[in-house]
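One structure is given here, and the rest of the page talks about it.
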Amino acid sequence: MLKPESRIFVAGHRGLVGSAISRRLRELGHGALLEAGREALDLTDAVAVSDFFEKERPEFVFLAAAKVGGILANSTYPAEFLAQNLRIQDAVITAAMRNGTEKLVFLGSSCIYPRDAVQPITEDQLLAGPLEPTNQWYAIAKIAGIKLVQAYRQQHDFAGIAAMPTNLYGPNDNFDPEGSHVIPGMLRRFHEAKLSGAPSVTVWGSGTPKREFLHVDDLADALVLLMNRYDNSEIINVGTGEDITIAELAQIVAEVTGYAGEIAFDTSKPDGAPRKVLNIDKIRALGWQPKIDFRTGLAETYRWYCDHVD
Ligand code: GDP
């Protein structure tokens, strides 16, 4: 159980997820946050990570650091998505286990589930079938992380848990037009189309895939609850349980950004998984549910982007 004075290490505190966890912890009055930027600690360097843990002795760890990216980045840099994530996870989880960390939360992803999983996806479908090829490299790394946490629990009684968030959005996301996920990618493209007065804006793929979107502040709230209340080797989903098509998303992004032109679909770009909506019965039973309305969260994220662009 987190106490106000607990020494908490948020690995990846500048990213979308890590920054939301740090915000939430500060709101709750946790002052002893250990944060180490990339320049201070290279998380792919197991020796440096081990030294950091020996010196700082974090009692609680949120492992939110990962090499992440959208559908195009994943299929363009498969080696980085596989190897860097394996290294980060192994370094941080092993150092936590060896240096007396009381509890660790590992972050997976909804893409670890089989491409043809029964929807909404229950946790027991992990490894029940082949993966979606566009993000299999990232998914395999994340599955290895889940297994490492489970193995340390079985062999060393280490209290590591693994949460599976759905597609996330919010402030501090990566808005790079090529490497980003769909929401930041679309917000930027629609924003630029509005400013330039472009008659049409292009969305990747057919528009028919369905995605579930969770605001990262809702995720952070769930992760703190799981740190305090969940201690089990079984993975646990974190999502909204609801999804929309990419074409519907594009319509909402057009409204939020104030873009009035046409929306075109570039079917030469990959669609990825047809659908991946999570079943969230398990986390609901612990008393958690998402609070942030999608349009409200999206409008707030767009304002954040406008304030931070350039
Ligand atoms: P995924 O959930 O792992 O497939 O990751 P993404 O967030 O990258 O993509 C989600 C879906 O949005 C895919 O079907 C993409 O083809 C579609 N999409 C449409 N426009 C964009 C865009 O501008 N960027 C990204 N990344 N995806 C887009």
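The values are calculated or read from the model by the stated rules, or taken from the named source; none is laboratory data. Nothing here was measured: the structure is a model prediction, and the numbers come from that model. Here Cβ is always computed from backbone atoms with ideal geometry, including for glycine, and neighbour counts include all displayed protein chains. Note: areas computed on protein heavy atoms with side chains; ligands, DNA, RNA excluded. Shrake-Rupley method; radii C 1.70, N 1.55, O 1.52, S 1.80 Å.
Give me the distance between the Cα centres of the stretch 229-265 and the stretch 149-178, rounded to whole Å.
Computed from Cα coordinates, the inter-centre distance equals 19 Å.
Which order do Asp307, Asp90 take when ranked by solvent-accessible area (1.4 Å probe, heavy atoms of all protein chains), largest first? Could you put the intermediate results ahead of the total?
Values: Asp307 120, Asp90 75 Å².
Ranked from most to least accessible, the order is Asp307, Asp90.
Between Glu234 and Ala260, how high is the FRET efficiency from 1/(1 + (r/R0)^6) when r is the Cβ-Cβ distance and R₀ = 41 Å? Nearest 0.05.
Approximately 0.30, to the nearest 0.05.
Carbon-plus-sulfur fraction of the accessible area of the chain, 1.4 Å probe, in percent? Numbers along the way, then the final one.
Numbers: 6780 of 13550 Å².
Answer for the chain: carbon and sulfur cover 50 percent of the accessible area.
Based on alpha-carbon atoms only, what is the radius of gyration of the stretch 54-127 relative to the globular estimate 2.2 N^0.38 Å? Present the calculation step by step, with values, prior to reporting the outcome.
Details: Rg = 15.2 Å, N = 74, 2.2 N^0.38 = 11.3 Å.
Taking N as the residue count of the stretch 54-127, the ratio is 1.34.
If you take all C-alpha pairs in the stretch 1-152, what percent of them are over 26 Å apart?
Tail of the P(r) past 26 Å holds 28 percent of the pairs.
Before anything else, pin down the relative contact order of the chain: Cα pairs under 8 Å, at least 6 apart, normalised by residue count, whole percent.
This gives 20 percent for the chain.
So how much slack lies between Glu178 and Gln125, counting 0.36 nm per residue of separation and subtracting their Cα-Cα distance, in nm?
16.0 nm
Would you please give the FRET efficiency between Val47 and Lys194, computed as 1/(1 + (r/R0)^6) with r the Cβ-Cβ distance and R0 = 41 Å, to the nearest 0.05?
Plugging the Cβ-Cβ distance into 1/(1 + (r/R0)^6) gives 0.25.
For a Förster distance of 41 Å, can you work out the FRET efficiency between the beta-carbons of Gln155 and Thr267, rounded to the nearest 0.05?
Efficiency, rounded to the nearest 0.05: 0.30.
Taking amide hydrogens as modeled 1.01 Å from N in the peptide plane, which residues meet the under 5 Å criterion relative to Thr240, leaving out close sequence neighbours?
Amide H neighbours of Thr240, under 5 Å, 5+ apart: Leu278.
Which whole-Hz ³J(HN,Hα) couplings does the stretch 194-201 yield from phi under the Karplus relation 6.51 cos²θ - 1.76 cosθ + 1.60, θ = phi - 60°, glycine and proline marked x?
Calculated HN-Hα couplings, in order: 5, 4, 8, x, 5, x, 8, 10 Hz.
Hey, what's the per residue convex hull volume over the C-alpha atoms of the chain, in cubic angstrom?
Numbers: hull volume 38.6 nm³, N = 310.
Considering the Cα atoms of the chain, their hull volume per residue is 125 Å³.
Go ahead and collect, in residue order, the members of the stretch 20-42 whose backbone nitrogen is under 17 Å from a label point 7 Å along the Cα-Cβ direction of Lys291.
Hits in the stretch 20-42 for Lys291 at 17 Å: 20-30.
Amide H of Arg275 versus every other amide H placed in the peptide plane: which residues, excluding those fewer than 5 positions away on the same chain, fall under 5 Å?
Those lying under 5 Å, H to H, from Arg275 are Lys210.
How long are the semi-axes of the ellipsoid equivalent to the stretch 152-298, from square roots of 5 times the Cα gyration tensor eigenvalues, in whole Å, largest first?
34, 15, 13
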